[in-house]
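The values are calculated or read from the model by the stated rules, or taken from the named source; none is laboratory data. Computed from a predicted model, the values in this text were never measured in an experiment. Every residue, glycine as well, gets a Cβ built from its backbone with ideal geometry; the counts of neighbours run over all protein chains shown. Just so you know, the surface numbers come from the protein's heavy atoms only, side chains and all, with ligands and any DNA or RNA stripped out. Shrake-Rupley method; radii C 1.70, N 1.55, O 1.52, S 1.80 Å.
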Amino acid sequence: VTAAPTLVLVEHTAAGATPLSMEALTFARTIGGPVHALVVGSHPSTVLDQLAEQGVEAVHHPDDPRLGQFAAAAWARVAVQAASASGADAVLAAGSPRGFEVMAHAGAMLDAPVAANCTQVRTGQPWTATRQIMGGSVLEELTLSGPPHLLTVASHAVVVEPADAPTQPEVRPFTAALRDDDLAAQLVAVEGDAAGGVDLAGAKVVVGGGRGVGGADSFGELIELADQLGGVLGVSRVVTSQGWRPHHEQVGQTGTKIAPDLYVACGISGAIQHMAGCQSAKTILAINTDADAPMVTRADYAVIGDLHAVLPAINAELRRRRGQAG
Ligand SMILES: Cc1cc2nc3c(=O)[nH]c(=O)nc-3n(C[C@H](O)[C@H](O)[C@H](O)COP(=O)(O)OP(=O)(O)OC[C@H]3O[C@@H](n4cnc5c(N)ncnc54)[C@H](O)[C@@H]3O)c2cc1C
């Protein structure tokens, strides 16, 4: 008996498949069946190379110009279509905002539950899974209903690995059977960093700012440090709820989960809901006036002091080393 495939929704940017989708593809191979991908919209050719490296056997590609821009319900519709055409046992998406949104629509269309943030899946009768809840601080065991079993993969719970042997994925175009309502909410424009900058979830360096930064106009030194290190800005919820910075920059349980090589946390106390988003950082440098702040006690390195004095000194030293300024 040929095992049923696992279908993975693969998000992509101009640079290729997103890091979280690559994690979902690596995760999909642990289920045991052949891995298929669903790629929506026009995509760079690097995506196919990445899918080959991940051992993907078939790529389902809906042929419809209306799918050029992201629309969660339309993407879910084609995911349901591709799952049914391929006889998929499971449909997976990354633990990303789009992954969650598309799978929620797919669940509604199939009248089926979605298990979010899975870290492990075991096939059998029924399938069971382990998933993160409460911002990753608690693991829950659950049984999954299906087929198809619908799930998202917990972000940064999987290390991306190439398949043992690369494949030559077969591209299977199909005609999207969209309903008018599926395009009722569609992305029309992207502004700000997300338009072309480094993605927070996949950034190698994140410079974080919290209440200690002091106000909307005081992020200049943090942004400069992020630029100098090739990283991005991330913030605490206090910062977004004050309206100092946009919500898409928030790190934490109700924001983005990050896993950078270096997280420079400036004026952030390290509340449990914030730590839920940065606990996968490989190295944390805390800059804080309070030596007892939880972020300082969790950090690998800490500078105890006013961030508005410490950051200009770090930036000046980095500029000096690059020979750009005195
Ligand atoms: C359901 C729920 C979900 C939540 N989700 C999130 C989430 O996703 N992300 C998140 O971040 N929070 C989240 N929170 C909020 C969280 O509990 C904290 O309130 C928040 O993280 C605190 O933000 P902060 O560290 O910036 O501020 P504070 O806790 O006020 O800390 C400010 C820090 O700055 C330091 N400081 C002050 N001035 C300076 C200075 N000049 N130089 C250096 N250091 C200075 C202080 O010593 C302090 O440590 C959530 C809360 C709830 C209830």
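Annotations
- Options V171, V205; residue that is surrounded by 15 or more Cβ atoms within 10 Å (Cβ to Cβ), away from the ligand (no atom under 11 Å from the Cβ) and at negative phi: V205
- Restricting the stretch 128-144 to residues that are within 16 Å of the ligand (Cβ to nearest atom) and free of Cβ contacts under 8 Å to residues at least 24 places away in the same chain leaves a set whose member that is most open to solvent (accessible area, probe 1.4 Å) is V138.
- Odd one out for A79 among (1) within 20 Å of the chain's Cα centre (by Cα); (2) under 18 Å from A4 (Cα atoms); (3) not in a helix (DSSP H, G or I): (3)
- Output for the stretch 268-278, where each listed residue is surrounded by fewer than 24 Cβ atoms within 10 Å (Cβ to Cβ) and closer than 15 Å to A302 by Cα: S269, G270
- Exactly one residue among L25, L9 is under 26 Å from T256 (Cβ atoms) and in contact with a Lys or Arg (Cβ under 9 Å, 6 or more places away or on another chain), and that residue is L9.
- From A286, A265, A281, residue being touching a residue at least 40 places away in the same chain (Cβ under 8 Å), crowded, with 16+ Cβ neighbours inside 10 Å, more than 22 Å from I133 (Cβ to Cβ) and small (G, A, S): A265
- Evaluating G230 against the criteria (1) at pLDDT 95 or above; (2) away from the ligand (no atom under 11 Å from the Cβ); (3) over 21 Å from G136 (Cα atoms); (4) not charged (D, E, K, R) leaves one unmet condition, (1).
- Remark: A76 matches the filter, which requires a residue to be within 23 Å of F27 (Cα to Cα) and either open to solvent by 60 Å² or more (accessible area, probe 1.4 Å) or out of contact with any Pro (no Cβ under 9 Å at 6 or more places or on another chain) (or both).
- Remark: pairs (first residue in the stretch 244-255, in contact (Cβ under 8 Å) with a residue 12 or more places away in the chain; second residue more than 11 Å from the ligand (Cβ to nearest atom) and open to solvent by 60 Å² or more (accessible area, probe 1.4 Å); Cβ separation under 9 Å; 6+ apart in sequence or on different chains) = W244/D217; P246/D193; H248/P97; H248/D193; H248/A194; E249/D193; Q253/S137; G255/H248.
- Test: residue in the stretch 32-47 that is farther than 24 Å from T256 by Cα and without any contact (Cβ under 8 Å) to a residue 12 or more places away in the chain: yes
- Any hit, the stretch 153-167, residues being open to solvent by less than 70 Å² (accessible area, probe 1.4 Å) and not in a loop (DSSP other than H, G, I, E, B): yes
- Among the residues of the stretch 99-127, those identified as open to solvent by less than 20 Å² (accessible area, probe 1.4 Å) and in a helix (DSSP H, G or I) are G99, V102, M103, A106, G107.
- Listed by first and then second residue, the pairs with beta-carbon distance under 7 Å, at least 6 apart or on different chains, first residue in the stretch 98-127 and without any contact (Cβ under 8 Å) to a residue 60 or more places away in the chain and hydroxyl-bearing (S, T, Y), second outside any strand (DSSP E or B) and surrounded by 20 or more Cβ atoms within 10 Å (Cβ to Cβ), are T119/A154; T119/A157.
- Residue count for the stretch 233-244 under the criterion of being within 8 Å of the ligand (Cβ to nearest atom), under 19 Å from the mean Cα position of the chain (by Cα) and open to solvent by less than 20 Å² (accessible area, probe 1.4 Å): the result is 2.
- Matching residues in the stretch 245-262 - criterion: being out of contact with any Leu (no Cβ under 8 Å at 6 or more places or on another chain), farther than 22 Å from I314 by Cα and either open to solvent by 50 Å² or more (accessible area, probe 1.4 Å) or among the small types (G, A, S) (or both): P246, H247, G252, Q253, T254, G255, A259
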